[in-house]
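S.K.: Can you read through this structure? Questions will come right after.
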Amino acid sequence: MLKSSRLLLRALEPGDLNDTYLSWLNDPAVNRYLETRFLPQTLEALQTYWQAHRDDPSSPWFAICLAGQERHIGNIKLGPIQWLHRRADLSLFIGERGCWGQGYASEAIALVRDWAFLELDLQKLNAGIYAGNFGSRRAFEKCGFGLEGTLREEVVTSGQRQDVWRLGMPRSYWTPTA
Ligand SMILES: CC(C)(COP(=O)(O)OP(=O)(O)OC[C@H]1O[C@@H](n2cnc3c(N)ncnc32)[C@H](O)[C@@H]1OP(=O)(O)O)[C@@H](O)C(=O)NCCC(=O)NCCS
């Protein structure tokens, strides 16, 4: 469990796999830049995915909750962890659109970044972001990530090929806040 003043990151529980979570994955504004949009999303599919990934030590996966209310607003995942290189990808979504623009994504990224560097002794974090997802890029940049390259025409969005930005953060560039 990871905590900041406003957020609590905890393991996903069966009770999280509900219609609200499903509605996030089926919301075109939320799934526009997510790979999940290619799969039919149902409660059964959520259960199957959760069963398969809940105890995967190479991809720790957290529910992002508002501290106090314990309201689940999105998810964040670190992985797959490449232990030989001590690096991992970091990805997230805030499914509750009413919670966008309040700094929650940046706060969740910072929490997992600090945990990955301090507790897991990872040395490098990366993020792949569809070009044009300026909100996501900004949230990672606020946490010290920098653009390391552009994968040209890497993915398909609405029938068109699109670039992907690769952002990264070496641990040596990180200044612990606590
Ligand atoms: C992208 C996403 C994670 C951002 O979450 P968030 O909680 O709103 O992010 P934050 O509030 O921490 O930070 C967003 C920053 O980007 C800025 N921003 C948001 N939209 C922007 C845009 N279109 N252009 C430029 N900057 C933008 C915000 O102003 C904020 O910066 P600031 O604090 O300097 O003002 C969220 O919108 C989301 O989950 N979207 C759908 C799924 C997704 O895209 N996930 C990421 C996949 S890589």
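S.K.: For a quick check of understanding: with a 1.4 angstrom probe and all protein chains in place, what accessible area in square angstrom does Asp19 have, to the nearest ten?
M.R.: It works out to around 100 Å².
S.K.: What are the DSSP H helices in the chain that stretch 20 Å or more along their long axis, judged by alpha-carbon atoms, and whose average Kyte-Doolittle hydropathy comes to at least -1.0?
M.R.: Correct list, ordered by number: 104-118.
S.K.: To make sure I understand the rule: partners must be lysines, Cα under 17 Å from the Cα of Lys3, and not fewer than 8 residues away in the same chain. Which ones qualify?
M.R.: Lys77
S.K.: Mind listing the phi-derived Karplus ³J(HN,Hα) values for the range 123-128, rounded to whole Hz, using 6.51, -1.76 and 1.60 with θ = phi - 60°, and x for any glycine or proline?
M.R.: 10, 7, 10, 10, 9, x
S.K.: Another question, if that's okay. Select from the range 77-178 those GluC sites (Glu not before Pro) which occupy a DSSP coil region and have at most 11 other Cβ atoms within 10 Å, ordered by residue number.
M.R.: Of the GluC sites (Glu not before Pro), the ones in loops of the range 77-178 whose Cβ has at most 11 other Cβ atoms within 10 Å are Glu119.
S.K.: Related question: To the nearest 20 debye, what charge dipole does the chain have about its Cα centre, counting +1 at the Cβ of each Lys and Arg and -1 at the Cβ of each Asp and Glu?
M.R.: Dipole about the Cα centre, nearest 20: 520 debye.
S.K.: Excluding residues on the same chain fewer than 8 positions from Lys142, give the aspartates and glutamates whose Cα lies under 18 Å from its Cα.
M.R.: The qualifying aspartates and glutamates are Asp89, Glu107, Asp114.
The values are calculated or read from the model by the stated rules, or taken from the named source; none is laboratory data. Computed from a prediction, not measured in an experiment: that's the story for all the values here. Quick reminder, even Gly has a Cβ in these numbers, built from the backbone with ideal geometry, and neighbours come from all protein chains shown. Keep in mind that these areas ignore ligands, DNA and RNA; they rest on the heavy atoms of the full protein, side chains included. Shrake-Rupley method; radii C 1.70, N 1.55, O 1.52, S 1.80 Å.
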